[in-house]
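See below for the structure under consideration.
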Amino acid sequence: MDNIAGTPVEGENFFGRGTEMLRLAEILKNDDILLLGPRRIGKTSICRAVMGHVKASNWHAIEINVASCEDELAFLEKLHAALAPEMATLGSKIKDRFAATFDAISTRIKSIKIAVTGAGTASVDLAAPASEDWIHLGNDLLQLLMQAEAGQAWLVYIDELPIMLFNMIRNDTQNGVRRVRRFLDWFRNDVRALPGSRSVRWLVSGSVGLDTLVQQHGMADTINSLNHQNLAAFTEDVAIAMVLKLADRYQLALDNEAARKLVAAVQWAQPYYLQKAFHYLRQRVSANANTAAAADIISQIDPAMNDMVQPGSDNDFHHWEQRLALQLGTVQAAHAIALLNLAAQDAAGARPENMLAHLEGRMPNDSTEKQREMFINLRDILQRDAYWWPDESSGNKRYRFHLEPLRRWWLRRNTL
Ligand SMILES: Nc1ncnc2c1ncn2[C@@H]1O[C@H](COP(=O)(O)OP(=O)(O)O)[C@@H](O)[C@H]1O
Ligand SMILES: [Mg+2]
């Protein structure tokens, strides 16, 4: 197993989530899935493992990453492009029947795009494709997939859908929200009404809160037909096993005790952060050959954790801050950051009463109810998005960071 920290992992490098993968595949027999969670939590890796698994049972499976899509047509273009190689594998009789339609769809996408770009110069409102246009196109494309081979099961994995929807809202201040609603309605209603729709399963994932987006715009109903899933951290045992496997691979004299300490230092045992922590520990140890004994390695754990949050190595943590502004808007995001600043002061977290008092100071012109509502709203979002969790072990509730390296980073950034 290699010490990979960044790109999706597969095969030998995909550790510890076999059961979780089978569980998702099982759900997909009957339901569509929405898998949300912060960046680098292992979504793409597990979704690709699910794809591999269903392919072994003769499903067709395609993946599209729609983070760069700015509108509905771009989405359809991605889908079309991902389908092309699959269409090519169909038997020649089927191909003959469907190839012309498939090619025609591509031409239609292009012609609507040209019409939209042309209109865009006159008025921003006209820059959006008329909804009936792209909906017909989308339906036709999916019909093709559903009918090319009767009864053939398909899995369509859509990565980073929330980013695309946020793009649409940002680019089209007048109609963006309405378009997002139409898109999600299409997905929920129109697509399901197509003949043969049961043969296609959707696996949708994202690293910014689609749940926050739909709640804020009163469209939570549009995603409630999806089965909501997330990726829990590893249990301590699995986390230790992974660290030991890495240690073995890189011949680091890490014993059980040292592995346990490393896992404890990360606190939230998501594989990416374990890989990162291991990486920095390995760097320290190999830079200092005489610290290679187990006891000495333990003494390097804390310094390695600090290496992890230094400028230059901290890009992953920025995402945790940026996604707040993306999902919450500037004002609310600033409040959330202020609360996180407080919670970061202490590894044990901050008391809710103190955080509420702090928020009251930031919202002097609002009523007590408004201040309270804001706190409760942010408290729940930050909990759901895995920034913090309520720790009641001391008798007094405290909201504390899940991820100790993130807390250190947060603290360092706000310290002069
Ligand atoms: N099952 C796993 N076993 C080992 N490492 C993993 C696993 N899943 C994720 N990782 C780690 O997390 C990183 C990011 O994984 P990825 O699937 O791209 O996450 P996401 O799609 O949520 O951003 C990988 O480079 C690897 O370091
Ligand atoms: Mg991903």
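The values are calculated or read from the model by the stated rules, or taken from the named source; none is laboratory data. For clarity, every value in this text was computed on a predicted model and none was experimentally measured. Glycine gets a Cβ as well: all are built from the backbone with ideal geometry, and neighbour counts include every protein chain shown.
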### Message
Looking only at the range 50-81, filter to residues that are touching an Asp or Glu at 6+ places or on another chain (Cβ under 7 Å) and not β-branched (V, I, T); which one of those is nearest to R181 (Cα to Cα)?
### Response
A67
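So which of V50, V54, V66 ends up being over 30 Å from L324 (Cα atoms), out of contact with any Gly (no Cβ under 9 Å at 6 or more places or on another chain), buried (at least 16 other Cβ atoms within 10 Å of the Cβ) and at pLDDT 95 or above?
Values: V50 fails: over 30 Å from L324 (Cα atoms); V66 fails: over 30 Å from L324 (Cα atoms).
None of the others qualify; the one that does is V54.
Regarding L203, is this residue buried (at least 18 other Cβ atoms within 10 Å of the Cβ), aliphatic (A, V, I, L, M) and under 21 Å from the mean Cα position of the chain (by Cα)?
yes
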### Message
I'd like to know if the range 73-94 contains one or more residues that are surrounded by fewer than 20 Cβ atoms within 10 Å (Cβ to Cβ), under 22 Å from the mean Cα position of the chain (by Cα) and within 14 Å of ligand 1 (Cβ to nearest atom).
### Response
no
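When the residues of the range 206-234 are filtered to those that are assigned to a loop (DSSP other than H, G, I, E, B) and not aliphatic (A, V, I, L, M), which remaining residue is nearest to ligand 2 (Cβ to nearest atom)?
In this case the residue turns out to be S207.
Restricting attention to the range 249-275, report how many residues are more than 16 Å from ligand 2 (Cβ to nearest atom) and either assigned by TED's automatic domain parsing to the domain that holds G37 or within 19 Å of H402 (Cβ to Cβ) (or both). Talk me through it step by step, then tell me what you get.
So the first thing to find is which residues in the range 249-275 are more than 16 Å from ligand 2 (Cβ to nearest atom), and the list is 249-269, 274.
Of the ones still in play, those that are also either assigned by TED's automatic domain parsing to the domain that holds G37 or within 19 Å of H402 (Cβ to Cβ) (or both) are 260-269, 274.
Total satisfying the criteria: 11.
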### Query
Tally time: how many residues in the range 2-47 are surrounded by fewer than 18 Cβ atoms within 10 Å (Cβ to Cβ) and at positive phi?
2
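For residues that are closer than 24 Å to L213 by Cβ and assigned to a helix (DSSP H, G or I), scanning just the range 24-37, find the one that is farthest from ligand 2 (Cβ to nearest atom). Walk me through it before giving the result.
Filtering the range 24-37 for residues closer than 24 Å to L213 by Cβ gives 24, 27-28, 31-37.
Now drop any that are not assigned to a helix (DSSP H, G or I), which leaves 24, 27.
Details: L24: 15, I27: 19 Å.
That would be I27.
Quick grid of which residues meet (1) among the hydrophobic types (A, V, I, L, M, F, W, C); (2) in contact (Cβ under 8 Å) with a residue 12 or more places away in the chain:
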{"position": "R362", "(1), (2)": "no, yes"}
{"position": "K370", "(1), (2)": "no, no"}
{"position": "M374", "(1), (2)": "yes, yes"}
{"position": "R379", "(1), (2)": "no, yes"}
{"position": "A386", "(1), (2)": "yes, yes"}
{"position": "R398", "(1), (2)": "no, yes"}
{"position": "H402", "(1), (2)": "no, yes"}
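Which one of these is touching a strand residue (DSSP E or B) at 6+ places or on another chain (Cβ under 9 Å), of a type outside the set (K, R) and farther than 22 Å from R192 by Cβ: G52, G6?
On the way: G6 fails: touching a strand residue (DSSP E or B) at 6+ places or on another chain (Cβ under 9 Å).
Being touching a strand residue (DSSP E or B) at 6+ places or on another chain (Cβ under 9 Å), of a type outside the set (K, R) and farther than 22 Å from R192 by Cβ holds for just one of G52, G6, which is G52.
Check A325, A334 and return the single one that is modelled with pLDDT of 95 or more, surrounded by fewer than 17 Cβ atoms within 10 Å (Cβ to Cβ) and not acidic (D, E). Lay out the reasoning, then the answer.
On the way: A325 fails: modelled with pLDDT of 95 or more.
Exactly one residue qualifies, and that residue is A334.
Every residue, every condition in (1) touching a helix residue (DSSP H, G or I) at 6+ places or on another chain (Cβ under 6 Å); (2) assigned to a loop (DSSP other than H, G, I, E, B), yes or no:
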position	(1), (2)
A333	yes, no
A343	no, no
I376	no, no
A386	no, yes
S394	no, yes
R407	yes, no
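For the range 38-54: of the residues being without any contact (Cβ under 8 Å) to a residue 40 or more places away in the chain and within 14 Å of E26 (Cα to Cα), which is nearest to ligand 2 (Cβ to nearest atom)?
Step one: of the range 38-54, the residues without any contact (Cβ under 8 Å) to a residue 40 or more places away in the chain are 45, 49, 53.
Then keep just the ones that are within 14 Å of E26 (Cα to Cα); that gives 49, 53.
Working: A49: 13, H53: 18 Å.
This residue is A49.
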### Query
Considering only residues of the range 195-205 that are within 26 Å of G18 (Cα to Cα) and either part of a loop (DSSP other than H, G, I, E, B) or of a type in the set (A, V, I, L, M, F, W, C) (or both), which is farthest from ligand 2 (Cβ to nearest atom)?
V200
